[in-house]
Amino acid sequence: MSDPRRRPINAGALSMSPSEAPERWDVHAGGEDAPTVAASWGDWVRLARRILDADALSRDLEARGDAWDRGHAASGQDAVNPYR
């Protein structure tokens, strides 16, 4: 039975597959003919963590902007939202 940790991972246009070196994984964007980026699994995990952190920051700023809009919309004054 093959090692389940070595199965390819697909997410939309991105796919990850095991490289020739057992400790490395290749990422393809747009299909198997597209250029490949190879890195260790830990590198991909760190990249994913940074993407999640950036997404959380973006969502936080959006939520602050929405809260600011709701709070100042009732005042009737023309004010510029500092979060937008």
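Observations, loosely collected:
- Scanning the range 4-30 for residues that are assigned to a helix (DSSP H, G or I) and exposed (fewer than 10 other Cβ atoms within 10 Å of the Cβ) returns Pro4, Arg5.
- Yes/no for Ser58 being modelled with pLDDT under 85 and among the hydroxyl-bearing types (Ser, Thr, Tyr): no
- Inspection of the range 31-38 identifies no residue that is without any contact (Cβ under 8 Å) to a residue 24 or more places away in the chain and assigned to a helix (DSSP H, G or I).
- The range 39-69 - residue that is hydrophobic (A, V, I, L, M, F, W, C) and in contact (Cβ under 8 Å) with a residue 12 or more places away in the chain and, of those, nearest to Val80 (Cα to Cα): Trp68
The values are calculated or read from the model by the stated rules, or taken from the named source; none is laboratory data. Predicted, not measured: the structure shown is a model, and the values here were computed from it. Virtual Cβ from ideal backbone geometry, glycine too; neighbours counted across all protein chains shown.
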